[in-house]
Amino acid sequence: MQVAIGFNPLDGDWEPAVTYAVEAERSGVAMAWTAEFWGYDAATPLAYLAAKTTRLRLGSGIMQVGTRTPAMLAMTAMTLASLSKDRFLLGLGVSGPQVMEGWHGVRFEKPLQRMRETIEIVRIATRGERLAYHGDIYELPLPGGEGKALKSVARPCPQLPIYLATLGPKNLELTGELADGWLGTSFIPEHASMFFEPITAGARKAGRSLADIDLQVSAGVVAFSDDVERLIALRKPGLAFTLGAMGSRQYNFYNDVYRRAGYTDVAAEVQDLWLKGEREAATERVPDELVLKTNLIGTEAMVRERIRIHQAAGVKTLRVEPDGASLDERLAVLARLVELVKEVEAEV
């Protein structure tokens, strides 16, 4: 099992983030991922980090499909692969209607088909083949014009790893069919089958197995303390935000996942309270159990046991956010987690 981190600025300052990533690499962390919401893009920071690191895999976690043409995604991927000496991982996701239509002005339509066609076009371009494609959404070259089917002049990247951030059953199946890795969120290892079964079904379509896919999940915040109640209280506002604010009442994909995992009443009530503006009540409604199952917090023994449960579920990479009041504290927590993961691996 590997450990991955996020690579994001602190109040717009990138230097502490770079220091954190460089030190994380020295601690044995395998990957760093950039996020893309409605602020900084996911690609540019990775070019900077590529110059500061030597072994760390660098992933876009995620670039939003539909905000760039598939060819532009391929160009960006080939550029970052070249700059990083093939350490780049192309992470893609469909986002949601609030961001796509509100920020980008792109209709959130046919997300599953758009993802499929985007991946197929990116694969053609990064293999160095002539780009001709006829799909339901994209057609290259455009008919009736002067466009020509072109080949990229960049160095081909035929083995470019593509990771998908997916949650719904059909999108998970697509992940198993077409992707090299899965970026899971709202993940509870006790309910891993609701994710891994459709991924497995998709993999079988492509003549593969689940073992061929890097199953990477967000394991939440890492914090060590005997004061477990305090750690739980600190994490409840974040879960309330996810359940209540990460989308509309109709489209909150994260909320949907928790409902499918059996937290139907909790997810519905927290969302309802949040959308009514009752944020404190929404936070209080989040159960302690859900916090403990979606983070790596508590005593060292508790964290070790959660790592074991993730491993037993089939998780291959833990993406984490170490807690700490300073950079040194965060790095110390991260280093201890890496050691715990190694110890759990050694048990097997």
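Quick check: is even one residue across segment 282-299 more than 27 Å from M1 (Cα to Cα), surrounded by 15 or more Cβ atoms within 10 Å (Cβ to Cβ) and among the hydroxyl-bearing types (S, T, Y)? Yes, there is a match, as at least one residue in segment 282-299 is more than 27 Å from M1 (Cα to Cα), surrounded by 15 or more Cβ atoms within 10 Å (Cβ to Cβ) and among the hydroxyl-bearing types (S, T, Y).
Exactly one residue out of A240, A245 is closer than 30 Å to F108 by Cα and at pLDDT below 95: that is A245. Among the residues of segment 168-183, at least one is of a type in the set (K, R), touching a residue at least 40 places away in the same chain (Cβ under 8 Å) and surrounded by fewer than 16 Cβ atoms within 10 Å (Cβ to Cβ).
Residue under question is A50, and the condition is that it be among the small types (G, A, S), free of Cβ contacts under 8 Å to residues at least 40 places away in the same chain and within 21 Å of P156 (Cα to Cα); does it hold?
Working: among the small types (G, A, S): yes; free of Cβ contacts under 8 Å to residues at least 40 places away in the same chain: yes; within 21 Å of P156 (Cα to Cα): yes.
Answer is yes for this residue.
Can you tell me which residue among I124, I119 is in contact with a helix residue (DSSP H, G or I) (Cβ under 7 Å, 6 or more places away or on another chain) and crowded, with 16+ Cβ neighbours inside 10 Å? Let's see the steps before the verdict.
Details: I124 fails: in contact with a helix residue (DSSP H, G or I) (Cβ under 7 Å, 6 or more places away or on another chain).
Selected residue: I119, the only one of I124, I119 that is in contact with a helix residue (DSSP H, G or I) (Cβ under 7 Å, 6 or more places away or on another chain) and crowded, with 16+ Cβ neighbours inside 10 Å.
Quick check on segment 307-317. Is at least one of its residues part of a helix (DSSP H, G or I), small (G, A, S), more than 23 Å from E197 (Cβ to Cβ) and touching a residue at least 60 places away in the same chain (Cβ under 8 Å)? For segment 307-317, residues part of a helix (DSSP H, G or I), small (G, A, S), more than 23 Å from E197 (Cβ to Cβ) and touching a residue at least 60 places away in the same chain (Cβ under 8 Å): absent. Can you spot a residue in segment 305-317 that is at pLDDT 95 or above, in contact with a Lys or Arg (Cβ under 6 Å, 6 or more places away or on another chain) and either surrounded by 18 or more Cβ atoms within 10 Å (Cβ to Cβ) or closer than 25 Å to D214 by Cα (or both)? No, every residue in segment 305-317 fails to be at pLDDT 95 or above, in contact with a Lys or Arg (Cβ under 6 Å, 6 or more places away or on another chain) and either surrounded by 18 or more Cβ atoms within 10 Å (Cβ to Cβ) or closer than 25 Å to D214 by Cα (or both).
Answer yes if at least one residue in segment 207-219 is out of contact with any strand residue (DSSP E or B) (no Cβ under 9 Å at 6 or more places or on another chain), of a type in the set (S, T, N, Q) and in a loop (DSSP other than H, G, I, E, B), and no otherwise. Scanning segment 207-219 turns up at least one residue that is out of contact with any strand residue (DSSP E or B) (no Cβ under 9 Å at 6 or more places or on another chain), of a type in the set (S, T, N, Q) and in a loop (DSSP other than H, G, I, E, B).
When the residues of segment 325-341 are filtered to those that are more than 24 Å from F196 (Cβ to Cβ) and in contact (Cβ under 8 Å) with a residue 60 or more places away in the chain, which remaining residue is surrounded by the fewest Cβ atoms within 10 Å (Cβ to Cβ)? If you could, list the steps in order and put the result at the bottom.
Initially, segment 325-341 is screened for residues more than 24 Å from F196 (Cβ to Cβ), giving 325-336, 338-339.
When the remaining residues are screened for being in contact (Cβ under 8 Å) with a residue 60 or more places away in the chain, the result is 327, 330-331, 333-336, 338.
Numbers: L327: 14, R330: 20, L331: 18, V333: 21, L334: 24, A335: 17, R336: 16, V338: 20.
Within segment 325-341, the match that is surrounded by the fewest Cβ atoms within 10 Å (Cβ to Cβ) is L327.
If only one of A245, A203, A261, A240 is under 26 Å from V99 (Cα atoms) and either without any contact (Cβ under 8 Å) to a residue 24 or more places away in the chain or crowded, with 22+ Cβ neighbours inside 10 Å (or both), which one is it? Write out each step before concluding.
Details: A245 fails: either without any contact (Cβ under 8 Å) to a residue 24 or more places away in the chain or crowded, with 22+ Cβ neighbours inside 10 Å (or both); A203 fails: under 26 Å from V99 (Cα atoms); A261 fails: either without any contact (Cβ under 8 Å) to a residue 24 or more places away in the chain or crowded, with 22+ Cβ neighbours inside 10 Å (or both).
A240 is the lone residue from the list that is under 26 Å from V99 (Cα atoms) and either without any contact (Cβ under 8 Å) to a residue 24 or more places away in the chain or crowded, with 22+ Cβ neighbours inside 10 Å (or both).
Scanning segment 284-298 for residues that are assigned to a helix (DSSP H, G or I) and within 16 Å of G220 (Cβ to Cβ) yields a count of 6. Count of segment 75-91 residues, restricted to those that are under 12 Å from A50 (Cβ atoms), surrounded by fewer than 20 Cβ atoms within 10 Å (Cβ to Cβ), in contact (Cβ under 8 Å) with a residue 40 or more places away in the chain and not acidic (D, E), is 2. Residue-level analysis places P156 among those that are of a type outside the set (S, T, N, Q) and outside any helix (DSSP H, G or I). Among the residues of segment 164-180, some residue qualifies, meaning at least one is in a loop (DSSP other than H, G, I, E, B), out of contact with any helix residue (DSSP H, G or I) (no Cβ under 7 Å at 6 or more places or on another chain) and under 20 Å from H310 (Cα atoms). Only residues that are crowded, with 16+ Cβ neighbours inside 10 Å and charged (D, E, K, R) were counted across segment 209-235, and they come to 2.
Among the residues of segment 127-138, some residue qualifies, meaning at least one is touching a residue at least 40 places away in the same chain (Cβ under 8 Å), in a loop (DSSP other than H, G, I, E, B) and in contact with an Asp or Glu (Cβ under 9 Å, 6 or more places away or on another chain). Here the condition is being in contact (Cβ under 8 Å) with a residue 40 or more places away in the chain, over 20 Å from the mean Cα position of the chain (by Cα) and over 14 Å from P156 (Cα atoms); of V106, V94, V99, V65, it holds for V106 alone.
The values are calculated or read from the model by the stated rules, or taken from the named source; none is laboratory data. Source: prediction; values computed, not measured. Heads up, the Cβs are rebuilt from the backbone with ideal geometry, glycines too, and the neighbour counts pull from every protein chain shown.
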